[in-house]
Structures are given as structure tokens and as C-alpha cells.
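The values are calculated or read from the model by the stated rules, or taken from the named source; none is laboratory data. Bear in mind that the values here come from a model prediction, so they are computed numbers and not experimental data. Neighbour counts are summed over all protein chains in view; Cβ atoms, including those assigned to glycine, are modelled from backbone coordinates with ideal geometry. Accessible surface is based on the protein model in full, side chains and every heavy atom, while ligands, DNA and RNA are left aside. Shrake-Rupley method; radii C 1.70, N 1.55, O 1.52, S 1.80 Å.
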Amino acid sequence: MPETRPAAPRRDTTSPTPRTAIQAIDRSVALLDTIADAGPHGAALGALAESTGLPASTARTLLSSLVAHGLVAQGGSGRRYLLGSRFFELNRRFVAQTDLSAVAAPVLRALWERTEETVHLAVLQGTRRVDIAVLVGPQLLTVSPTSARFTDSSATPLYRTAAGKVLFAGLSRPDRLSMLDDAPWDPQDRPAAEDLMAAMDDVAAGGFATNLQEEAAGVCGVAAPVQDQGGRTIAAVCLGYPAVRHTEAHAAWLRDEAMDAAAELTVLLGAATGEASA
């Protein structure tokens with residue numbers, strides 16, 4: 001007799017299922033959950049429709065879109081649906097971001113010990129730069145280094161800080177322009193959009209950004225991008241220092257240190273050596 005596969009299990013409907021204003025997303029998530037529950041053999045269209053309570057035609061249409069985006073794959077002559085390979089990439093990025101501060105800890109500590117300046121590891125959340133690790137320089141404040149989370153809740157534009165510039169420059173031009181429209185930044189207190197885009201292109205091409213008292217008097221900084229395997233900027237390594245110590249030689253040394261640390265962290269996150277130094 002031919003081998004039979006178990007039907008996809010019906011999801012537990014006793015617990016509340018999140019509902020949003022976008023029905024197609026709710027239905028797609030229900031399909032993905034059911035496919036995940038089905039295990040490595042996947043689930044047939046009929047079983048998915050029955051389990052989610054969708055008409056077969058609706059389930060087929062949604063599944064076709066999920067297949068096109070790589071979130072769902074078809075196996076067994078296209079008769080069964082499985083989770084797609086894109087979930088592997090999404091999970092890899094999630095793990096990298098979740099564990100980023102832990103992976104970066106020895107790199108940041110070594111950078112802090114070499115430079116004796118304040119070290120930040122920053123990521124982009126919405127329109128804000130968020131520091132997920134900070135080591136305070138002993139020359140600036142006489143406190144022990146910490147690695148707690150710090151969030152800048154102000155409306156400081158990304159282009160006013162070194163780390164912010166790196167994170168902003170890591171976005172595509174359309175995404176930057178869209179952020180300019182949406183962010184709570186004073187439009188009267190910023191360069192012309194084209195000038196700003198050109199400056200961010202220069203940051204992306206040069207692989208570093210500086211801040212010479214642009215955010216606050218007496219504070220300077222230099223930052224470099226941390227990238228994932230696809231070459232996307234996911235974080236910034238930044239060195240902050242008092243303006244009284246600013247010289248061209250000191251700034252150049254800190255720039256090289258920040259770029260080296262960011263490149264080292266990029267490699268630790270799985271990027272090829274050539275990509276990290278590009």
C-alpha cells in the first residue's frame with residue numbers, strides 16, 4: 001500500500017488568536033503556523049484550508065504569495081507545503097541581533113582597553129539610535145565599564161552623531177528619505193535633503209563617520225559599520241571622546257581602531273573577510 005502522511009494537525013482554537021486590521025496577514029500567519037506544526041513532511045492544501053478554516057481558493061492564493069517570497073516551499077511534486085528557506089535567513093538575522101552584544105563583548109572590551117575612550121555599540125530602532133552596550137572611558141568618567149542597555153529617547157537626528165550617521169548611511173536612499181519625512185526631527189534644523197543624502201553616501205563609501213561637537217558641545221566621536229553576511233549595516237561601533245583631546249592624529253587613530261573593531265565583529269557574525277574590509 002502507498003505510504004500515507006498524517007494530515008496537518010488542527011490548531012488549538014481554545015486560546016485567543018491575534019486579530020489585526022489586515023485580514024490577509026492574519027490568514028497568512030495562520031497558514032505559516034499550521035505548516036510549521038505539520039513538521040518536515042509538510043501539509044497538503046486541503047489540510048491547511050481545513051485547519052485554518054479558509055476556503056481552499058483563498059488558502060491557495062495566500063500560499064502562492066508566500067511561496068513567491070520564499071516563506072513557503074512546495075515539495076512532493078508541489079502537493080505539500082513546507083516552511084521556506086527564507087525563514088533560515090530571518091532566524092539567522094534574529095539570532096545575530098539578539099546575541100549581538102554578547103558576541104561583541106570581547107571586541108568592545110579590547111577596543112576600550114586599547115583606546116581608553118568611551119565605546120558604544122549602537123543599533124537602529126525605528127528612527128532612533130539605541131546603544132545596546134556602553135563601556136565608559138576612564139579618562140572621561142571614573143566609573144567601571146558597564147554593558148547595560150541605554151536608549152536615547154530624545155529626538156536627536158541620526159545625522160548629528162557618528163553612530164547615527166553610520167546607521168542612517170546603511171539604509172538605502174529611498175529609506176533615508178522616507179525616514180526624513182516620518183522622523184520627529186526639526187526640518188528647519190537639517191541640511192537640504194540632497195546634500196544630506198550625498199553626505200550619507202560618502203559615509204557609506206568611506207566606511208566611517210565622525211561627530212565633531214555636532215550633537216553636544218565638548219563631545220566628539222567616530223563610528224564604523226558592523227555588517228551581516230549580506231553586507232547590510234546592522235550596528236555601529238563608536239568611540240566617543242572629549243573635544244579637549246581632539247587632534248587630527250588622535251581622531252585618525254580612533255577612526256582606524258573603530259573600523260578595525262567593526263570589521264572584526266563583522267567577521268565574527270559570519271561575513272567573509274573580503275566583505276568585512278570592503
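If you go through segment 163-179 one residue at a time, do you hit one that is surrounded by 11 or more Cβ atoms within 10 Å (Cβ to Cβ), more than 30 Å from VAL72 (Cα to Cα) and modelled with pLDDT under 90?
Within segment 163-179, none of the residues are surrounded by 11 or more Cβ atoms within 10 Å (Cβ to Cβ), more than 30 Å from VAL72 (Cα to Cα) and modelled with pLDDT under 90.
Filter segment 46-61 for residues that are open to solvent by 30 Å² or more (accessible area, probe 1.4 Å) and of a type outside the set (Ser, Thr, Tyr) and give the result.
Across segment 46-61, the qualifying residues are GLY46, GLU50, GLY53, PRO55, ALA56, ARG60.
Which members of segment 28-45 meet the condition of being without any contact (Cβ under 8 Å) to a residue 12 or more places away in the chain and either more than 11 Å from LEU63 (Cα to Cα) or not assigned by the TED database to the domain that holds THR61 (or both)? Please lay out each step first, then the result.
To start, the set of residues in segment 28-45 that are without any contact (Cβ under 8 Å) to a residue 12 or more places away in the chain comprises 29, 39.
Hit for segment 28-45 is GLY39, nothing else.
Given ALA224, ALA198, which one is under 13 Å from HIS120 (Cβ atoms) and at pLDDT 95 or above?
None of the other options fit; the residue is ALA224.
Can you pull out every residue in segment 1-45 that is modelled with pLDDT under 50 and exposed (fewer than 11 other Cβ atoms within 10 Å of the Cβ)?
Start the filter on segment 1-45 by keeping residues that are modelled with pLDDT under 50, which leaves 1-16.
Within segment 1-45, MET1, PRO2, GLU3, THR4, PRO6, ASP12, THR13, THR14, SER15, PRO16 meet the criteria.
Listed here are the residues, each with its yes/no results for (1) out of contact with any Ser or Thr (no Cβ under 8 Å at 6 or more places or on another chain); (2) of a type outside the set (Gly, Ala, Ser); (3) in a helix (DSSP H, G or I); (4) more than 10 Å from TYR81 (Cα to Cα).
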{"residue": "ARG19", "(1), (2), (3), (4)": "yes, yes, no, yes"}
{"residue": "ARG27", "(1), (2), (3), (4)": "no, yes, yes, yes"}
{"residue": "LEU32", "(1), (2), (3), (4)": "yes, yes, yes, no"}
{"residue": "ILE35", "(1), (2), (3), (4)": "yes, yes, yes, no"}
{"residue": "PRO40", "(1), (2), (3), (4)": "yes, yes, yes, no"}
{"residue": "LEU48", "(1), (2), (3), (4)": "no, yes, yes, no"}
{"residue": "LEU54", "(1), (2), (3), (4)": "yes, yes, no, yes"}
{"residue": "SER57", "(1), (2), (3), (4)": "yes, no, yes, yes"}
{"residue": "LEU62", "(1), (2), (3), (4)": "no, yes, yes, yes"}
